[in-house]
Amino acid sequence: MDNMNQLDKSLVEVTAFLNREADMLDYKEYDEWLKLWSDTGLYIVPIAHGEENYKDMLNLAYDDAAMRKLRIQRLQSGHAMSAKTAKITIRTLSRIRILDESDDIINVRCAYCLFENKSGQIRHFPANLRFKLRRDNGTLKIEEKIVELMNSDTHLATIAYLF
Amino acid sequence: MVLENEHNMSARIASMIDTDKVHKALYSDPDIFEEELDKIFNNNWIWVAHESEIADAGSYRTAMIGRQPVIVCRDMEGQIHVLQNRCRHRGATVCESQAGKVRAFTCPYHGWSYGLNGALRALPRPEEYESILDKKDFGLIEIRHETYQGMIFATFKKDQESLDSFLGGAKKWIDLFMKQGGGYPVKTLGRQQFRFRGNWKIQLENTTDAYHFPVVHRSFISSLDDQTATVFDFLDDEGFVEDLGNGHSVMVMIPDLVDLEANLEAPIPERFAPLAAELAKQGLDDLQVRKLVRAAGGTGFNLNLFPNIACSMAFFRMLAPISVNETEIHHIAIGGTGAPDAYNQQRLRLHEHFQGPMGFGTPDDGEAWERVQRGSMAGKDGWIMVNRGMSRLRPSPDGNVMGAVCSETGMRAAYQQYKKQMIV
Ligand code: FES
Ligand SMILES: [Fe+2]
């Protein structure tokens, strides 16, 4: 990697990080996944796209650290009927692009699709993902993950996992 | 006995609805569904929007009445109109967005342009219409509407009774529901929309079904603090379901939260302590803080209005039939116009916690509803039982029939109204 410029190096690092994040969700390593986050991190699945102020809007999910933990507990509890039907999910990422990078913050976006087998029918959820990653003691932490689902204003009821 | 192959639809439907049970074919028979679109959706007051969703002159929302697209809008004088979404030239829809703000609806096909009151204002190259078309006869067709407490209802039925009399005993509960602005007028904060693979009546029943709560929503209850979890453990308490007439019913789960302006001196629940502190910091006096905090979690009841809208604890639930086995649901968050941001943000976060396609509650509901639809295909014959609590009914203080909170009194109310309209 010696002759790579900083942006290329970051891209390699970020790509590995995002792949790992998606892999953890597919393989349901939820406790490990929680550790990828900064304490102030926000996980947002908005209804409207390209907005700045999701705090004052209705979203599909707006999870701070406490809500993320509760959501994971729900998925792990075995008491959520809908979660039992989503045994296998497959996430794919591509078109990863670093938008800007400062000393400690990297803004990235990428294309994303989640596939699941819902009662014998394969459903897919295409989305644009936007990440704000923070450099923290040599590792990356998620400061913000925004999932802009292609059909966020119309899609189906039983989503029993995280995007 | 069910009249399976009866050609007379009314007789067939009549045979499928008893006081204590309904036949499963009501969920899956496409002919019955077609009949419902006409007899239920084209012949009732159908909720189409809340006034706050079209607050400004020129703002609109599109909506469906059964299968018919309509536009709900506010004209430049501030008057509300409900218009058929169909150009009077060759019939294209004039508006396809869910909501927005415009000066006119201009048909994309040949450019006929309509005002927000529906009037045809202009059309390109009018010469060829000389003396054969009078613009005043070709406005968008207006549909009768009436409002109550900001809720806008429309009807295709020319001789439909007034909204006031249709709502009847439900009005008192709507009034109570609207106190959750916390002293500010109620406004909508956004809509979550989704579809499930099941018949619309499965959702209609569910809004008045407390019986499922501890079973289906176990994972939601586990996500609450102990104090709040106790509040949601209501099946053995003093709650009730009351038949309000015309198919409407109310299910009171938490009697203490029926009137959000009562009991303001009660201690502030733990989960709202941060909100109370924030509001106090912003300089609100103690009474204002208490009023907002008490309203923050919503009311303790679900008001089920036949056939398509519910005032459900802290939000509006609207249903729209798509096909016999597909239904669209909107979960509409509400807050207060001009209320402190911290209050409306709290309402949004609570809504997201349970409601919508990624909430901690709705996906499990959706799963149960889709199972009911799939189960309805089992066997040639079969009944949906709605007799729970029938042997222990009692009169309510308002002189209506009421039963236990986990009785199926509300479902029976809805199905009797349904029967009345379907067999005419
Ligand atoms: S169909 Fe609308 S202008 Fe022709
Ligand atoms: Fe439910």
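The values are calculated or read from the model by the stated rules, or taken from the named source; none is laboratory data. The structure presented is a predicted model; accordingly, all values stated were derived computationally and were not measured. Positions of Cβ are generated from backbone atoms using ideal geometry, with glycine treated the same way; all protein chains shown enter the neighbour counts. Protein only, heavy atoms only, side chains kept; ligands, DNA and RNA dropped before computing areas. Shrake-Rupley method; radii C 1.70, N 1.55, O 1.52, S 1.80 Å.
Shape class of the stretch B:80-158 from the Cα gyration tensor (axes a ≥ b ≥ c, square roots of the eigenvalues): prolate, since a/c reaches 1.5 or more and a/b is larger than b/c. Among B:Tyr60, B:Ile329, B:Val424, whose Cα projects farthest towards the positive end of the dipole of chain B, with charges put on the beta-carbon of Lys, Arg (+1) and Asp, Glu (-1)? Of the listed residues, the answer is B:Tyr60. Could you list the GluC sites (Glu not before Pro) in the stretch B:130-198 that lie in coil according to DSSP, counting only those with at most 14 other Cβ atoms within 10 Å of their Cβ? Here the GluC sites (Glu not before Pro) that fit, given the DSSP loop and packing criteria, are B:Glu130, B:Glu161. Per-residue packing, averaged as other Cβ atoms within 10 Å, sorts the ranges B:346-353, A:22-29 into the order B:346-353, A:22-29, beginning with the highest.
Quick check: from the Cα gyration tensor, does chain A come out rounded (a/c under 1.5), prolate or oblate? Verdict is prolate for chain A. For the residue pairs A:Lys55/B:Lys172; B:Lys172/B:Lys419; A:Lys28/A:Lys141; A:Lys69/B:Lys291; A:Lys9/A:Lys55; B:Lys187/B:Lys281, alpha carbon separations beyond 28 Å are given by A:Lys55/B:Lys172; A:Lys69/B:Lys291; A:Lys9/A:Lys55.
Using just the helices of the protein assembly as shown, give the 222 nm mean residue ellipticity in deg cm²/dmol: DSSP H runs with n ≥ 4 each add -39,500 (n - 2.57), and the total is spread over all residues, rounded to 500.
Values: 18 runs with 156 residues, N = 587.
Computed mean residue ellipticity for the protein assembly as shown: -7500 deg cm²/dmol.
From most to least packed by mean Cβ count within 10 Å, the peptides A:141-149, B:265-273 give A:141-149, B:265-273.
Across peptide B:213-221, what mean number of C-beta atoms from other chains lies inside 10 Å of a residue's C-beta? Numbers along the way, then the final one.
Working: counts 0, 0, 2, 4, 3, 6, 14, 4, 1.
Counting Cβ atoms of other protein chains within 10 Å of each residue's Cβ and averaging gives 4.
Looking at the square roots a ≥ b ≥ c of the eigenvalues of the Cα gyration tensor of the stretch B:169-422, which shape do they give, rounded for a/c under 1.5, prolate if a/b is larger than b/c, or oblate? All intermediate terms of the calculation are to be shown ahead of the outcome.
Working: a/c = 1.88, a/b = 1.56, b/c = 1.21.
Prolate is the answer for the stretch B:169-422, as a/c is 1.5 or above and a/b outweighs b/c.
From the alpha carbon centroid of the stretch B:85-124 to that of the stretch B:279-306 is 41 Å. Our note on the geometry: Cα centres of the stretch B:324-364 and the stretch B:147-161, 25 Å apart.
Most tightly packed first, judged by the mean number of other beta-carbon atoms within 10 Å of their residues, the peptides B:218-224, B:106-112 read B:218-224, B:106-112.
If the only charges are +1 at each Lys and Arg Cβ and -1 at each Asp and Glu Cβ, what is the size of the charge dipole of the stretch A:6-149 around the Cα centre, to the nearest 20 debye? Present the calculation step by step, with values, prior to reporting the outcome.
Working: 23 positive and 23 negative charges, 142 e Å.
Once rounded to the nearest 20, the dipole reads 680 debye.
Of the residues B:Arg86, A:Arg135, B:Arg103, ranked by 1.4 Å probe accessible area with the largest first, the sequence reads B:Arg103, B:Arg86, A:Arg135. Separation of the stretch B:1-58 and the stretch A:84-105, taken as the distance between their Cα centroids, equals 45 angstrom.
Average partner chain C-beta neighbours within 10 Å, per residue of B:186-197? Walk me through the numbers on the way to the answer.
Working: counts 0, 0, 1, 3, 7, 3, 6, 6, 9, 4, 3, 6.
Mean inter-chain Cβ contacts per residue within 10 Å come to 4.
Ranking B:Pro126, B:Ile174, B:Ile202 by Cα position along the charge dipole of the protein assembly as shown, where only Lys, Arg, Asp and Glu carry charges on their C-beta atoms, puts B:Pro126 farthest toward the positive end.
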